[in-house]
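Notes to accompany the following structure.
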Amino acid sequence: MIFKTLLTGAAALAFTTGAALAQTVAITNAKAWTGTSQGTVDNATIIVVDGAVAEVRTGSAALPSGADVVDADGSWVTPGIIAPFTRIGLVEVGAEDTTNDISAGSSPYSVALKAADGFNPAATTVPITRLEGVTRIIVAPGTGNDLFAGKGMVADTSGAMDSILDDDAFVFIRMGEAGASQAGGSRSAAWTRLRAALSDARTFPARYLSHDAGDALTRVDAQAFGPAARGRQLILVEAHRASDIARLIDLARTAPELNMAIVGGDEAWMVAEDLAESKIPVILDPFQNLPASFQQLGASQENAARLIEAGVVTAFAHLADDGHQARLVLQSAGNAVANGVDHDDALAAITVAPAAIFGLENLGTIAPGAIADLVVWDGDPLEVMSAPTHIFIAGEEQSLESRQTRLRDRYLGLDNGDLPFAYKRGEAPE
Amino acid sequence: MKHLNWALAALAGLALTACGGGNDAPGDDTQDGDVSDRILIDKDPFPSTYTPLESNPVVIRGATLLDGEGGLIENATLLIEDGDITAFGAPDAVEIPTDNDKLVEIDAAGKWVTPGIIDNHSHLGVYPSPSVSAHQDGNEISAPVTAEVWSEHGIWPQDPGFTRALAGGITSLQILPGSANLFGGRGVILKNVPGRTVQDMKFPDAPYTLKMACGENPKRVYGYGGGRFPGGAPYSRMGNIAGYRTAWAEAVEYKRKLDSYIDEGGDPPARNLEMETLVGVLDGDILVHMHCYRADEMAQILDMAEEFGYTVSSFHHAVESYKIADKLAEAGACSSMWADWWGFKMEAYDGVRENIPMVHAAGACAIVHSDSDIGIQRLNQEAAKALSDGRRVGIEISKAEAWTWLSLNPAKSLGIDGQTGSIAVGKDADIVIWDGDPFSVYTQAEQVFIDGAVVFDRNEPALQPVMDFELGQPGEGDMK
């Protein structure tokens, strides 16, 4: 894995915060998918102390005194799901601009725009996403008037005001048709801009002291791009067409210090061997199988299986309406299995692989020392008819309620009693 | 009497007019002539040329069969002859012809057989792949009322999306205009078979439909179109309702003139394509499919329909149907819904995952629809999500009942339930063999039959259609 561990400090901080609140927990009688060489452990007991997994053992034994015990009743327990590309918390209502902080078409800045500045842990989308078993979200800004969208972030889905794990986790850029359009009308314009921006950022601040301007980036953007341009921060690149990805592979060969990952990658399978050799991971949407544009003519639901077979680190995302529906990543993973991906690899693609791509230390597995993001399921987690019954973030059990469940409960049975529905509130949230 | 004549004209696909549906003023000699002398409008000027593919009789044995009407049969035997379902049931209840050496026997033990899925909300063909600017043929936004346009005139039959939908078990589908307009135009119902022309795909004898739209879209596209084309009314939901009512009032008047001409002769009204569609609704020949999210708006639309004497076949998207499911049941209006889409605009903000089962539980007609070239490929999974979410809050629905959301209910909403939509003797053999329980994410359609012919076979590349657009392109013939 080429990724540097960037987040150790931030992860440790979140760990401590959670630990202050977390109970000792024992999940018993679990079918534990660990994401480690332990594989899937039947009849497992998972002990959580101070927000971290202390032990995973087989069978029942004496439990720590005072532990909250959750009997999984033989059902699946997985690490918390990591949705590797979302806009959760950036948008409440897509079509209402005042509620939508994804992109900034009129800003003079680009790389420096931080998704974290707009992230709202109290957004309704956060618990709605969490309810599906997603405990960590990668949140990317959208492009405005430049191929550089800005800085992405990592958060948990607890809804707590301190739920941002890293507010400066990666740079997101779009190449291919989108980048061409943003950069002036052609792929060559996009690439020229990218190369110039890399040069600006690598020579920051010297160039800006002597010339007062870069070739491509403002002072603020050049400074923001610096860590990524020097290989100390991930560059997440949207690209689909095989030739666009091949150009990125060429870039990686000439600038091996860069940390790059692809998102989208509908034709990535056509250059799978080169991606594997270059150690460039891919975050893909397993649903994509249409020639939706001329850069996706080779789209196939077997993309995932072919990349994994070639040894490419592959994560799954649900990219359609990623401001609201990133939660469907489990269904995406299930469909990948239907199209040739091994069940273990599909689970890894929404846990272990995103943790590796984004350098999330101690997340994505169930192992001693891991942050206790755990989900107890009522069935196979990748099945569309399954759902979580218990969700823990850093050892703390989470509510299974959302604005949607409140609305549902108000109208369930269409029974409002003596007063209009507006008076029916059920249990108010804590 | 007049209705009968019109209905017959449509049913038989006959042009009762002298030549090609013209509107030539009748001569004086028709003044007192029979009704049969009237020059009637050709109601089917683009007739279906669909013909079922050649097929042999087929017997499918051993599968778990959902009949699409709420029934489940284990270890079922299903017989298809001449493109129709001729018998099904327990093995000993089905007599298999012994004298036909062309009989194809399929062992489907461990597999499931269902009616083909019918998606009553698709824009395949009018918003095809690739989604380039030249392919945007689904919204005639030049005016808020464009009841005169027909989606079939915008359909590109080479849309690769049709083949993906087929691999997802879609056997019939409604192609609708978009929701920019108050009246978006006519929808058309297709059999999901590849054709050189859209006429080759048109579902024989299916009624036409009319797309209408509530709420945000029309008022955004027109009144608040940012000063861009075309601008003007409606600016508000008030303007939406006023716009519908103005058009319906005009249609009532046009219908009065037409009826008068048919009953009494004289000069027929000048042809008006917009009015012909609306009168078709008022006459009960054309079914209304209305994009509408909010509960309160649906209730107002139902009142308006009553005012002008028509019914709403189905509300589409209907994310708030769960709030008024009792009223929808009473009105007999279906709801065509997603399992879990929400939040992309204000009128979709109150979406809940239990919408479909809550509508079903209230005794209203629930339909799973896609409105998506991706979603249409796995509507069975959407039904499965809705089913399980409903069960978790105590709404007990069987898988067999839930399949009505995917086939019989959409067929009813389209007026084709006499021909398809369930496994029933005499109906078209539009069926799917799934390689397992279709409520599982891992299950895929293995074979898809339309009118008894195998039109998709997951294990037989020769029976996987490739559209012209994908020939000679990356991934041609790839498993998609």
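Each label point was placed 7 Å from the Cα along the Cα-to-Cβ direction; for A:L209 and A:R195 their separation is 2.8 nm.
Scattering from segment B:77-116 was approximated by placing one identical point on each alpha carbon and applying the Debye formula without solvent; log10 I(q)/I(0) at 0.14 1/Å stands at -0.33.
Computing FRET efficiency as 1/(1 + (r/R0)^6) for A:D97 and B:M479, where r is the C-beta to C-beta distance and R0 is 41 Å, gives about 0.50.
For the pair B:D200 and B:S398 in one chain, pulling the backbone fully straight at 0.36 nm per residue adds 67.6 nm over the alpha carbon distance.
From the C-alpha coordinates alone, can you work out the Kirkwood hydrodynamic radius of chain B, in Å?
For chain B, inverting the mean 1/r across all distinct Cα pairs yields 23.3 Å.
Normalised by the number of residues in chain B, the mean separation of alpha-carbon contacts (under 8 Å, six or more apart) gives a relative contact order of 19 percent. In sequence order, segment B:178-189 has phi-based couplings of x, 10, 5, 9, 4, 10, x, x, 7, x, 9, 10 Hz under the Karplus curve 6.51 cos²θ - 1.76 cosθ + 1.60, θ = phi - 60°, and Gly or Pro positions carry x. Per-peptide packing, taken as the mean over residues of other Cβ atoms within 10 Å, places A:56-68, A:114-126, A:385-397, A:33-45 in the sequence A:385-397, A:114-126, A:33-45, A:56-68 from highest down.
Counting each DSSP H run of 4 or more residues in chain B as -39500 (n - 2.57), what helix-only mean residue ellipticity at 222 nm follows after dividing by all residues, to the nearest 500 deg cm²/dmol?
-7000 deg cm²/dmol
Using only Cα atoms, tell me the angle between helix B:295-308 and the longest principal axis of chain B; keep it within 0 to 90° and round to the nearest 10. On a 0 to 90 degree scale, this one is about 60. In terms of overall dimensions, segment B:56-188 has a Cα radius of gyration and Dmax of 20.3, 61 angstrom. For the pair A:Y423 and B:R220, a Förster radius of 41 Å applied to the C-beta separation gives a FRET efficiency near 0.80, rounded to the nearest 0.05.
Each label was represented as a point 7 Å from its Cα along the Cα-to-Cβ direction; for B:Q300 and A:R230 these points are 6.0 nm apart. Each label was represented as a point 7 Å from its Cα along the Cα-to-Cβ direction; for B:A462 and A:A62 these points are 7.1 nm apart. Placing +1 on the Cβ of every Lys and Arg and -1 on the Cβ of every Asp and Glu, with nothing else charged, gives the protein assembly as shown a dipole about its Cα centre of roughly 3080 debye. Its Cα gyration tensor gives segment A:49-207 an equivalent ellipsoid. The semi-axes, each the square root of 5 times an eigenvalue, are 40, 18, 14 Å from largest down. Of the residues A:L198, A:A178, A:L360, the one whose Cα sits farthest towards the positive end of the charge dipole of segment A:80-364 is A:L198 (charges of +1 on Lys and Arg Cβ, -1 on Asp and Glu Cβ, taken about the Cα centre). Quick one: pull the percentage of alpha-carbon pairs in chain A with a separation above 40 Å. Pairs farther apart than 40 Å: 18 percent. Cα convex hull, segment B:44-85: 94 Å³ per residue, rounded to a whole number.
Could you compute the FRET efficiency for B:K345 and B:E74, with r as their C-beta to C-beta distance and R0 at 35 Å, rounded to 0.05?
0.20
What's the angle, to the nearest 10 degrees (0 to 90), between helix B:379-392's Cα axis and the longest principal axis of chain B? Helix B:379-392 sits roughly 80 degrees off the main axis of chain B.
Summing Cβ point charges (Lys, Arg +1; Asp, Glu -1) relative to the Cα centre of chain A gives a dipole of roughly 1160 debye. Of the residues B:S372, B:G266, B:A331, the one whose Cα sits farthest toward the positive end of the charge dipole of segment B:117-419, with +1 on the Cβ of Lys and Arg and -1 on the Cβ of Asp and Glu, is B:S372. Legend: Rg and Dmax of the protein assembly as shown, from Cα coordinates, 29.1, 103 Å.
Note: relative contact order over chain A, using C-alpha pairs below 8 Å and six or more positions apart, is 19 percent. Against the main long axis of the alpha-carbon atoms of chain A, helix A:8-21 sits at an angle near 20°.
The mean sequence separation of alpha-carbon pairs under 8 Å and at least six residues apart, normalised by the residue count of segment A:273-403, gives a relative contact order of 17 percent.
Taking other residues whose beta carbon is less than 10 angstrom from the beta carbon of A:V329, and scoring Lys, Arg as +1 and Asp, Glu as -1, yields -2. Charging the Cβ of each Asp and Glu at -1 and of each Lys and Arg at +1, and nothing else, the dipole of segment B:117-419 about its Cα centre rounds to 880 debye.
Each principal axis of segment A:179-337 carries a Cα extent, and these read 55, 33, 27 Å when sorted largest first.
Restricting the calculation to Cα atoms, every distinct pair contributes to the Kirkwood radius of segment B:163-259, found to be 15.8 Å. Between the residues B:T64, A:T135, A:A304, the greatest Cα displacement towards the positive end of the dipole of the protein assembly as shown, with unit charges on the Cβ of Lys, Arg, Asp and Glu, is found for A:T135.
Volume per residue of the convex hull around the Cα atoms, evaluated for segment B:334-480, comes out as 150 Å³.
Computed from the coordinates by the stated procedures, all read-outs in this text should not be read as laboratory data. Predicted model, so just to flag it, every value in this text is computed and none were measured. Using ideal geometry, Cβ is built from the backbone for each residue, glycine included, and neighbour counts are taken over all protein chains shown.
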